[in-house]
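This report refers to the structure that appears directly beneath it.
What follows is calculated from the coordinates using simple rules that are stated; it is not laboratory data. None of the values given here were measured: they were computed from a predicted structure. Heads up, the Cβs are rebuilt from the backbone with ideal geometry, glycines too, and the neighbour counts pull from every protein chain shown.
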Amino acid sequence: MIATFLDKVRDSARTFAGRYRTGRETTPRKGPENRLAPLRLTLAAGLVAGLLLSPNLWVSTRPYPLTPLWDAIPPLPYPADYALFGFLVALVAGVGVARGRTMGWLAAGALALAAFFVLEDESRSQPWFYQYSFMLAAFCLYGWGRIGASDTLNTCRLIVIATYFWSGLQKANTSFFEITYPWLVEPLTSRLPDWAGSALLSGAYAVPVVEAAIGLGLLTRRFRKPAVVGALLMHAFIMLCVGPLGSAYNTVVWPWNFAMSAFVVILFWGAPDEPSPSTILDPGRNLSPGSVLRAAVLVLFAFMPLFNFFGLWDSYLSSSLYSGASKRAYILEWDGSEWQTTGIGNLSEQELNAPAYPEERVFKNVFARGWCEAGSEEELRLVQAGYSEPVLWVYSRPNILSGERSAEFYSCDDVL
């Protein structure tokens, strides 16, 4: 009887093991589709947070002048500008929770409003908004069934890779090493012993190499995981410097740092499709909407930033943030005894909670509309009383090796 019982136990165990193996083999492996939901949620959350932290950037009724990309787009009056901004936030939030074609249409609506907002004011082309918009376009096509999960992921991967790579190269200049980086890490160096602070400051020269290497590492299979770890450490370091425990500066980029941290994990860590560099870079040979989007991303994010070094492409479209390589502008006003200086960048941060778009045409427009047109009668009165007219002072991009900048001065007559 005992032998018979043991035989039945063995038979039952074998049957169970066979069923377990069969079930395990027939259970579908998690594919790229499983990455899309957390990626979409992170994208929507990051974009909504950026919008809500910079509300004055998106409305027309504000002191800081609009710089229209297309003059045919009139500024919206109050309260229509606030209503449209709220509608944009609602659409983006909907992308995070909706599925299928509904998600695709919500993304399309958000992209249409995004285009309108940028046409109305070029200052809204912030680096994070530019990046999020193209990732949103990928989800729009995915929701409509025009591209698959892998193409959606690879489009977003290329955007993230290019952002790290060019952001690193933009920092390879003397101005970053000697001015921007010491300012950035000052909240840390002020609390560290002298020897540790000096060691941290000397690390400035490694920053461009490390950040560009993160981008290249994410592109390769062999170095992908170390690059993810490096990206997470870098964003943690940035938040220590500019976050609430540091300088508490430029809060609008805080969500972007958290979103980028999530992006690298979702897109690259243990990805089931484990794409090769050619898979990520190749947009395809046909003229399908997915291939057109992939080609546009390849051109705009991977190639066009090169032209920024020759003054042929905008800094904020080239991942040049905290690089020390962008143009700067100041307004000089004579008060009867001395010149008063107003930094357009500081003014933008105070009124919009976003950096000024660092291009000369935007500086000239802000100067013309904020100091020359709007205050023409007041300026005339001051000139008649012996005061000098305001002057726009624009610094060029710094020389990579010396850090020196040339300067141009503009009067109201020059910009009107």
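Odds and ends about this structure:
- A Gaussian network model of the chain, with springs between Cα atoms under 10 Å, assigns the largest mean-square fluctuation among Ser261, Ser54, Ser288 to Ser288.
- Exposure proxy for Ile159, Ile400: other Cβ atoms within 10 Å of each Cβ, ordered fewest to most, give Ile400, Ile159.
- Surrounding net charge for Asp314, when Lys and Arg each add one and Asp and Glu each subtract one, Cβ distance under 12 Å: 0
- Within the shell of other residues whose beta carbon sits under 14 angstrom from the beta carbon of Leu43, the net charge comes to +3, with Lys and Arg scored +1 and Asp and Glu -1.
- Charge context of Tyr395, other residues only, Cβ under 12 angstrom, K/R +1, D/E -1: +1
- Between 0 and 90°, nearest 10: helix 207-219 axis offset from the chain longest Cα axis: 40
- Residue order for Arg222, Arg101, Arg157, fewest other beta carbons within 10 angstrom first, comes to Arg222, Arg101, Arg157.
- Degrees separating the helix 127-143 axis from the principal Cα axis of the chain, which is the longest one: 40
- In degrees, nearest ten, helix 80-97 long axis to first principal axis of the chain (Cα): 20
- Largest mean-square fluctuation among Leu43, Leu76, Leu158, in a Gaussian network model of the chain whose springs join Cα atoms under 10 Å apart, belongs to Leu76.
- In the chain, the calculated helix contribution to ellipticity at 222 nm averages -18000 deg cm²/dmol per residue, counting -39,500 (n - 2.57) for every DSSP H run with n ≥ 4.
- Dividing the C-alpha radius of gyration of the chain by 2.2 N^0.38 Å, with N its residue count, gives 1.20.
- Selected from Trp58, Trp128, Trp183 as most flexible by GNM, with the chain as the system and alpha-carbon contacts under 10 Å: Trp183
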